[in-house]
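Scroll down for the structure; my scribbles are underneath it.
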Amino acid sequence: MPETNLQREQAEPANEPLSAQFTRTRALMEALVEPLSDADATIQSMEDASPAKWHLAHTTWFWETFLLRDHAPDYTIPNEGWAFLFNSYYEAEGARIGRFSRGMLSRPTLEEVIEWRAQVDAATAPLLDDPVHAPLVALGIAHEQQHIELLLTDIKHALFRNPLGPAMWDADQSQRGPSEELGWHSHPGGIALVGHDPGKASSAFAFDNEGPAHRVLLEPFALADRLVTNREWGEFIADGGYRDASLWLSDGLAWVRENAIHAPLYWRSDEQFTHAGWQKRDPDAPVTHISYYEADAFATWAGARLPTEFEWEAIARGQDGEGSPAAHDPAGGNQLDRAGPVQPNGESDLFGDCWQFTRSAYLPYPRFKPARGAVGEYNGKFMSGQFVLKGASCATVRGHSRASYRNFFYPHQRWQFTGLRLAKDI
């Protein structure tokens, strides 16, 4: 497949203006759908997922609704009915189509959605570098980057459901060496400052659920220096891991039995489904597309445990804060720079390859207050029944994540690039 200019783009330059970030992010999402037909972009394979076309449209609705409608008096909304189609969960913005009906939207067409994106981009351009709008613009860019990752994982699931196993891109043929022997990052315990602190953070932007910064008490622990691999997961399966009730949480065991789970999502014999179709599974690549239940069972089988989100963050910050020489680079490792094959490859440090489950429930931090208005619905109302994941994945736009970043999913969900890193008490 010919390499485009976008595919040659590198990671986000330091101090890049918001207008440049906006343009790059919008262009990346459109480059990702270039291999898709209108039919590919319209299908919805399950309620957790959304069509690629819907992601393109929803992110455009976001800019039109929260920036243009309120701050561009000369802008005219081209189709008032589209708000009903492309609002996601914002109660303050009124009624919307049912979530699992998004795949029924044959109209507007993919071409019409792309045209709408261009209109919104042009109208948005004069507002992007106005300091008055900077917080909202930064939020909108981060929101679109989240939907880029969702688009990639959702279309992967949709193509997987096709018996032909179709590919979006050619396979990455690069060769990788065997995984390193498992090592550990040790932490002596003590009081650690976690969460986003605007006065000390290297990045001014963070989602509201990342703060306020606060202190936690850690007992001595160690965090593995690499992710669990496909080879190690194969050993877990061969040892009867999915059948051994002693390894599983009660809800997890019920989920395994009710859904006949016997391997990670996308596994088939010695193959694995990818954006390049069915491919030979790399035993030394990180295991991914696992649920919290599976991650917890594997950790128990391995004689270890999952880390807390605060333990993970303390290691990511280098124990002494973001300026520590031991801090890990949030923009490092295998993350998304361009349109093309997306797959964990083991070439990551603490960030990259897959999101990592922690044993921490997704709950508000002390003194947390959601923002006012519709944007206040972004995170706070989902703080129930989910678990926190840390890091970044191969489908995360490089530069999007931070040590304080809190991703979150329900314990049974596994269509995202989710993996695990072991922890232990010392």
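The values are calculated or read from the model by the stated rules, or taken from the named source; none is laboratory data. Model, not experiment: these values are computed from the prediction. Virtual Cβ from ideal backbone geometry, glycine too; neighbours counted across all protein chains shown. With ligands, DNA and RNA removed, areas are computed over all heavy atoms of the protein, side chains included. Shrake-Rupley method; radii C 1.70, N 1.55, O 1.52, S 1.80 Å.
Miscellaneous remarks
- Computed over the alpha-carbon pairs of region 1-145, the distance histogram in 10 Å steps reads 10, 40, 36, 14, 0 percent, short to long.
- Spin-label proximity, SER269 to region 146-171 - amide N less than 17 Å from point 7 Å beyond Cα toward beta carbon: 163-166
- Heavy-atom accessible area with a 1.4 Å probe sorts ARG398, ARG215, ARG406, largest first, into ARG215, ARG398, ARG406.
- Average accessible area per residue (Å²) across region 24-118 - probe 1.4 Å, nucleic acids and ligands excluded: 43
- Rounded to 10°, Cα long-axis angle of helix 250-259 versus longest principal axis of the chain: 70
- If R0 equals 30 Å, the separation of the Cβ atoms of GLN413 and GLU80 corresponds to a calculated FRET efficiency of about 0.35.
- Our coupling estimate for region 221-228, obtained by passing each phi through the Karplus curve with A = 6.51, B = -1.76, C = 1.60 and θ = phi - 60°, is 7, 9, 10, 4, 8, 8, 7, 5 Hz, Gly and Pro reported as x.
- Anisotropy class of region 233-288 from Cα gyration tensor, a/c 1.5 cut: prolate
- Two-decimal ratio, region 269-357, of alpha-carbon radius of gyration to 2.2 N^0.38 Å: 1.26
- Remark: region 195-261 projects, on average over all directions, an area of 8.4 nm² (convex hull of Cα atoms).
- Efficiency of FRET between ARG338 and ASP129 - r from beta-carbon atoms, R0 22 angstrom, step 0.05: 0.35
- Gain upon complete extension [ARG372, HIS214; 0.36 nm per residue less C-alpha separation]: 54.7 nm
- Relative to the longest principal axis of the Cα atoms of the chain, the long axis of helix 18-32 lies at roughly 80 degrees.
- Of the accessible area of the chain, computed with a 1.4 Å probe over protein heavy atoms only, carbon and sulfur atoms account for 52 percent.
- In the context of the full set of protein chains, residues of region 296-426 present 34 Å² of accessible surface per residue (probe radius 1.4 Å, heavy atoms only).
- Shape of region 110-170, Cα gyration tensor, a/c cut at 1.5: prolate
- In this label model, PHE100 and SER37 are separated by 2.6 nm, measuring between points 7 Å along each Cα→Cβ vector.
- Length released on extending from TRP169 to HIS262, taking residue separation times 0.36 nm less the Cα-Cα span: 30.7 nm
- Global form of region 76-196, assessed from the alpha-carbon gyration tensor, a/c cut-off 1.5: oblate
- Between the Cα long axis of helix 110-124 and the first principal axis of the chain there is an angle of about 80°, rounded to the nearest 10.
- Listed by chain and number, the aspartates and glutamates placed with their C-alpha closer than 15 angstrom to that of LYS53 are GLU30, GLU34, ASP38, ASP40, GLU111, GLU112, GLU115, GLU144, GLU149, ASP154; residues fewer than eight positions away on the same chain are left out.
- Working note: Cα atoms of the chain, range along each principal axis, descending, whole Å: 62, 52, 40.
- Percent of C-alpha pairs per 10 Å bin in region 332-403, short distances first: 19, 36, 31, 14, 0.
- FRET efficiency, THR109 to THR23 (Cβ-Cβ, R0 22 Å, nearest 0.05): 0.35
- Heavy-atom accessible area ranking, 1.4 Å probe, most first, across LYS381, LYS390: LYS381, LYS390
- Residue-averaged [θ]222 nm for the chain, counting only DSSP H segments that reach four residues, each worth -39500 (n - 2.57): -8500 deg cm²/dmol
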